[in-house]
Every structure is written in structure tokens, then in C-alpha cells.
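The values are calculated or read from the model by the stated rules, or taken from the named source; none is laboratory data. Bear in mind that the values here come from a model prediction, so they are computed numbers and not experimental data. Ideal geometry is used to build each Cβ from the backbone, glycine not excepted, and the neighbour counts take in all protein chains shown.
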Amino acid sequence: MSGSSRLTEEEVERYARQLVLPQWSEAAQLALGAARVLVVGLGALGSPVALYLAAAGVGRIGLLDDDRVERSNLARQLLHGPADVGRPKVESAVASLRALHPHVVLEPHELRIAEENAVALVAGHDLVLDCSDSFATRYLLNDACCQTGVPLVEAGVLGFDGLVLSIQPGSSACYRCAFPLAPPPAVARSCAEGGVLGALAGVIGSLQALEAIKLLTGVGRPATDALLQVDGLDLTVTRVHLQRRADCPACGPAHPRSSTL
Ligand SMILES: [Zn+2]
């Protein structure tokens, strides 16, 4: 499907409800089909992200995770079912996405992103989605995307709170501009410790997929230079304006990339 200049009859039918949108076009659909994205983390956020991106017609999707499916994942990680417990998440994700859309090219990476492989993994993609549950991964991906110029849609969920941040390296505030310092490990709780509700992860992951689709097609205005905070308990959404920092070690023009957290 990628690289062609016209949609096939099957694609016109499959994508009919988005093609009919006045803001959408065959060119937007073809741009999605030609896109290569990387989803880092195939859990609570990665599940809706990968499902919606595949369904919408993103041509190539890299799937990165080194975990295996656990029973405690099933309440929110909809890429995986009870029969997948014990199976690598990349394998069950490929099976679910293949069933949803047989033509999407899926590129599984059963590994953990680290300082030594982050730039090589990110390079060559049109966009990266951070669906991890780790502050270290957030900073690694942010710095790798700033270094390679690959747009990044960052998101996180914990408890009933979620956030989304779209980053266009070199032109909008990056994650380090918003959060220059990583929280100390004692403060940074994981979902395992703090808990999370699947429906909230679904909302945040869907927003992340929406932002990715906008960045890939040029449709609408992505929420760059903004931090979207969602409070799921009273359903309030707060949009905080962000500015690039001249002294940002990741994206600031005067400073080389720093590898320290
Ligand atoms: Zn920055």
C-alpha cells in the first residue's frame, strides 16, 4: 500500500469514513500509507495507539517491547488476550494487528531501548510514539528524536491522570524543555505501584494516535508547544503552554545533546 500514487478500490472502501472528512483527502490517506512509525511499548498506551494507527492505514509500524504478557496486563492492554499470557508482547501485538489489517507492514523489535541503540532505532522513522512506562525511556527517546529530527508524540498515564505532548524537534518544545530534570526514582512511581485504569489509558493513547495522524498528514494543528493534562476523575483537560528553552541540552541551539538524565 505504501509508495503508490492512488488508493486501490479496497482502500477507498476501507477508509471511506475518513476520506469523506472535509479536512481529509486521498493525499492524506496516501501519506499515512507511506509513513513508517515506531511504537515504543505495547502496553496500556501502545495498545490503542497501534490498533488505531493500523486501522487508519499507517503503512509500516515498528513495535518495540521486550516484555511478555502477564495476566495483570489484560485489564487494559487490548492487544493481548488470555491465550497470550507468557508470550512476547511483540508476538501477540503482531497477531492482533495482523487480524485487524492484513496489509500493514509490521516490524517487531523484541528488545529494550537503551542509550546505545536509541538513535539507531529511531532513525529512519517518520514519527515515534512513546508508550513506555519509564522516565528513563522518555528522556532517551526525546534525546534520540531531537538528535535525528524525528517527530515524537509523548504520553503518560498514572492513576487517573494522563498527559500528551507532541514534539516537532527543532521547532517546538521538547520533553526536556518541559521537564528539564527527571524525577528521582523514589518519586517516579510506575503503573505497577501507582495503578492505572484501562479506559483512561485508552483515552490518552487515542489522543496520542490522533496527534500522530495529524503530524503525518498535515491535517489539523498538532498540539506542539503544549502539554495536555487530563484528569480522569473529574474529567478536566488542561492545556499548558510550553516554550523551547535556549539552554535545553536536547534541543537548545547553543548546547550539544547531553546523554545524562
Ligand atoms: Zn528541548
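Summary of computed values
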| quantity | calculated |
| --- | --- |
| Filter result (surrounded by fewer than 20 Cβ atoms within 10 Å (Cβ to Cβ) and small (G, A, S)) within region 151-188 | G159, G170, S171, A182, A186, A188 |
| Residue in region 119-139 that is modelled with the lowest pLDDT, counting only those that are farther than 14 Å from R60 by Cα and among the acidic types (D, E) | D133 |
| Output for region 215-243, where each listed residue is outside any loop (DSSP other than H, G, I, E, B), free of Cβ contacts under 8 Å to residues at least 40 places away in the same chain and more than 16 Å from the ligand (Cβ to nearest atom) | T236, V237, T238, R239 |
| Residue that is modelled with pLDDT under 95, touching a Lys or Arg at 6+ places or on another chain (Cβ under 9 Å) and within 15 Å of the ligand (Cβ to nearest atom), where the choices are A246, A182, A250, A173 | A182 |
| Residue in region 76-86 that is of a type in the set (D, E, K, R) and surrounded by fewer than 21 Cβ atoms within 10 Å (Cβ to Cβ) present | no |
| Set C177, C146: member being part of a helix (DSSP H, G or I) and under 14 Å from D130 (Cα atoms) | C146 |
| Filter result (closer than 21 Å to L106 by Cβ and of a type in the set (D, E, K, R)) within region 69-93 | D84, R87, K89, E91 |
| N142, sole failed condition from (1) away from the ligand (no atom under 16 Å from the Cβ); (2) at pLDDT 95 or above; (3) under 15 Å from the mean Cα position of the chain (by Cα) | (1) |
